[in-house]
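Input: a single structure, listed below in structure tokens.
Every read-out reported here was derived from the displayed coordinates using simple, explicitly stated rules and does not represent laboratory data. In this text the structure is predicted, and so the values were computed from the model without any measurement. Cβ sites come from the backbone with ideal geometry, for glycine too, and all protein chains shown count toward neighbours.
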Amino acid sequence: MDLKSIKVTPKKREILQLMHIDSVEDLLVHYPFRYEDQNVKPFADWLLEEKVFFSCTIINQAKVQYFGGKRSVTRFKAMYDEEELSLTLFNRPWISAFRVGHTITVSGKYQGNGKVLVMSYNTQPIEEQLGIIPVYNTKDGLSQKDLRKYLANALDSCMIEEFIPDTLKETYKLVSRKQALHDIHFPKNYESVKQAIRYLKYEEFLKFQLTIQYYKMVNVEKSKVAKVFAIDKVEQLIQGLPYMLTDDQRQAISETLADLQSTHIMYRLVQGDVGSGKTIVATIAMYANTLTGMQSALLAPTEILAKQHYANVERVLKPYDVRVGLLYSALPAKEKHEIIDAIAAGDMDVIVGTHALFQEAIQYKNLGLVIADEQHRFGVEQRRKLIEKGNDVDFLLMSATPIPRTLATSLYGDMDVSSIEQMPAGRKPSITKLIKESSIRSIMGELKDLLDAGNQCYIVCPAIEKNNDLKLRNVEEIYHNLLPVLGKMYHLDYLHGKMSSEQKDEIMQQFKRKEIDILIATSVIEVGVDVPDANIMIIYDAERFGLSQIHQLRGRIGRAGGQGYCYLLSNSKDPDSIRRMEILCESNDGFEIAKQDLMIRGPGDLLGSRQSGIPGFILGDVIMDENILEVAKKDALVLLQHLDNYPSIARYVKEKEYTSTMD
């Protein structure tokens, strides 16, 4: 429904559009971020620094003083509750609005001794403004009063269709959709707000689950010819590994092999902490797929990681006569053509590579399994192109940003989820310390001792070069500052995303060969090469990074059994930022850290790989409301079995332009 229909002026429409409000329906779900309890208290009950709301009569001429250019302060006296008050307003110098004898309604802060700092005022009768008042996010040129007026018009003129079936509303004692939308914007009391939020949260989660589960029902649960392979040969490979698999790895392998053997196409997410051993699960799945006579493709987000995966996969599979190839854009033309021809002829069993794997020139003889590492780094369209290069291709995703299993199952409802929570034996958790300054001065001695003991160090900065707008430590500055201090004793170099793939690869290989002791870089190293002696990490401006991102970064150190040391440098005074960094010092559990990150940042990053068609959460909180998310999933599955009985839901799921994680 067009905003014109509720009498929004063209100028106000432009402002609303900047707030991503393009229709009446969008406006109705622009919910308040808080409520103000506007009730009148006698002057005798006012407390110092308390917010006060009252109606008063002006008793003297307002006076304006200007300072600092256009800034001003306006002062006048007024009577309220038989008390004379001194009122002060900043930057509102219009004296004509404050005439002697006029009555105004004031919202302000009481400063003691009859003094009030006015935050807002109007000339409406106070009786019309009492009660619980919603407060909205808005922009200059669009007042709270404007928003409330447009919302009242919208509720009066918009046909609000019920979405949740009556049976479910009765089961959960929910109000109607119309009542919920009215009460969240124009509440009678806090109980009505609570009931409105109950309905709207459940509706958000139900729409989310209906969309995902319908997609799974229609697109994902496709049948295929079951893959047949000798399970004893797979077990022989597992027994031949130079290390013991954890129980979680075993379980993930068992679930993946069962998917390959089933008559349904596999869409599985294997999630586990950094270094938990997801790649061996993928390698064993590719071996099983090879035993069926089909090809596998392992998609890596960067050339560096593709090369690392190739080396690891070939080391495991070569003794079993599996032909492993590596394909990436920067390969010499002759070598590239040889590999492309081998793929087309079926002379290559496992192909590891970057986005080069799904270029048009690449033709697979019989692609049966696609594995994507760090799925959020690939576009949906890229994955689709790769899957379409085979028939009934099984699909496995690996993620090092894990979340609790029940939550993952609900959020990634169109996938089956395997979680690897145990760490391999011998892997020591990194020791993380918060250094409350933006300098390595206080840890210089410790750093030198660790370097002299044969360790290597990553130094991570949030920026590549100096930026006058953002006072961030940057790669170039830190490199040039440290060179005179440490350059005589240790070899320093730097790495960042603006470098070519060849440059980045060469520097990482030098670091791996121990030709570089200290590597200064941006978060480009988050997904990178395993460097056995890289056991130190220093992160500048650590408050600028997300919890999960720092956890991923420190996953680069201590990968060969050495003790990892991570130093978080920050001079932030923000209590929330400090608390986030303290969480990292207290915990090495990626599942717990990702959960905390979700609570702080919301699920946007985690669900970033999904396209805009997926219903989002405005009120719902995937951590705090996990039980509602689970209930909504169960209800969605039941509703989808009886779609004919629910025409509005049937229309919704069929019309919804939804692109799945794997579509």
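Within 10 Å of each candidate Cβ there may be at most 16 other Cβ atoms; applying that plus a DSSP loop requirement, which trypsin sites (Lys or Arg not before Pro) in the range 286-381 survive?
Passing sites in the range 286-381 are Arg323, Lys365.
With each label point set 7 Å from Cα along the Cα-Cβ vector, what nm distance links Leu483 and Lys573?
3.5
With r as the distance between the Cβ atoms of Asp530 and Glu437 and R0 = 25 Å, compute the FRET efficiency 1/(1 + (r/R0)^6) and round to 0.05.
0.20
Using a simple spin-label model with points 7 Å from Cα along the Cα→Cβ vector, what separation in nm is obtained for His264 and Glu476?
Result: 5.4 nm between the two label points.
Quick one: compute the contact order of the chain, relative version, from alpha carbon pairs under 8 angstrom and 6+ residues apart, as a percent.
12
Around Leu367, which amide H atoms from residues at least 5 apart in sequence, or from another chain, sit under 5 Å from its own amide H, with H modelled in the peptide plane?
For Leu367, the qualifying residues are Gln295, Asn391.
Efficiency by 1/(1 + (r/R0)^6): what FRET value for Ser72 and Glu586, r their Cβ-Cβ distance, R0 = 60 Å, to the nearest 0.05?
0.75
Which value does Rg/Rh take for the range 116-208 over its C-alpha atoms, Rh per Kirkwood?
Taking Rh as the inverse mean 1/r over Cα pairs, Rg/Rh reads 1.04.
So what J values fall out for the range 427-442 if you push phi through Karplus, 6.51 cos²θ - 1.76 cosθ + 1.60 with θ = phi - 60°, rounded to Hz, Gly and Pro as x?
7, 8, x, 5, 8, 10, 10, 9, 10, 7, 6, 9, 8, 8, 3, 6
Work out, step by step, the length gained on full extension between Val100 and Thr171: first 0.36 nm times the residue separation, then minus their alpha carbon distance; give nm to one decimal.
Stretched out fully, the Val100 to Thr171 stretch lengthens by 19.7 nm.
So for each of 347-360, 476-489, 40-53 I average, over its residues, the number of other beta carbons within 10 Å; can you give me the resulting order with the highest mean first?
347-360, 476-489, 40-53
How large is ³J(HN,Hα) for each residue in the range 143-148, as worked out from phi by the Karplus curve 6.51 cos²θ - 1.76 cosθ + 1.60 (θ = phi - 60°), to whole Hz, x for Gly and Pro?
Values per residue, Gly and Pro as x: 7, 4, 4, 4, 4, 5 Hz.
Listing Asp530, Asp183 from the residue with the fewest other Cβ atoms within 10 Å to the one with the most, what is the order?
Sorted ascending by nearby Cβ count, the order is Asp530, Asp183.
Kirkwood Rh over alpha-carbon pairs of the chain, then Stokes-Einstein at 10 °C and 1.306 mPa s: what D in µm² s⁻¹, rounded to an integer?
Calculated translational D: 54 µm²/s.
Please tell me the relative contact order of the range 431-587 in percent, rounded to the nearest whole number, where contacts are Cα pairs under 8 Å and at least six residues apart.
Worked out over the range 431-587, it gives 33 percent.
At a Förster distance of 41 Å, what's the computed FRET efficiency of Arg13 paired with Asn39, Cβ-Cβ distance as r, to 0.05?
Rounded to the nearest 0.05, the efficiency is 0.75.
Over the chain, what is the percentage of antiparallel beta bridges among all DSSP beta bridges, to the nearest 5?
Antiparallel bridges make up about 40 percent of those DSSP assigns within the chain.
On full extension of the chain, what length is gained from Ile618 through Lys149, given 0.36 nm per residue of separation minus the C-alpha to C-alpha distance?
In short, 166.6 nm is gained.
Put +1 on the Cβ of each Lys and Arg and -1 on the Cβ of each Asp and Glu in the chain; which of Thr256, Tyr243, Ser120 then has its Cα farthest toward the positive end of the dipole?
Going by the Cα projections, it comes out as Ser120.
For the range 266-301, list residues with backbone N below 12 Å from a point placed 7 Å from the Cα of Ala230 toward its Cβ?
The answer is 291-292.
Using the number of other C-beta atoms within 10 angstrom as an exposure proxy, rank Phe67, Phe511 with the fewest first.
Phe67, Phe511
Given Ala521, Ser587, Ile538, which one lies farthest toward the positive end of the charge dipole of the range 431-587, if we put +1 on the Cβ of every Lys and Arg and -1 on the Cβ of every Asp and Glu?
Projecting each Cα onto the dipole axis, the largest value belongs to Ser587.
On a full-extension model of 0.36 nm per residue, what is the gain between Gln251 and Ser329, subtracting their alpha-carbon distance, rounded to one decimal in nm?
Difference between extended and current length: 24.5 nm.
How far apart, in nanometres, would the label points at Ser157 and Arg651 be if each is projected 7 angstrom from Cα along the Cα-to-Cβ direction?
Here the answer is 2.1 nm between the modelled labels.
Can you list the residues, at least 5 places off or on another chain, whose amide H is less than 5 Å from the amide H of Thr401, using H built in the peptide plane?
Close amide H contacts, sequence-distant or interchain: Gly272.
Evaluate the relative contact order of the range 1-153 (contact order divided by residue number), counting alpha-carbon pairs under 8 angstrom at least 6 apart; express in whole percent.
After rounding, I find 26 percent.
Taking square-rooted eigenvalues a ≥ b ≥ c of the alpha carbon gyration tensor, is the range 431-587 rounded, prolate or oblate, where a/c under 1.5 means rounded and, failing that, a/b exceeding b/c means prolate?
rounded
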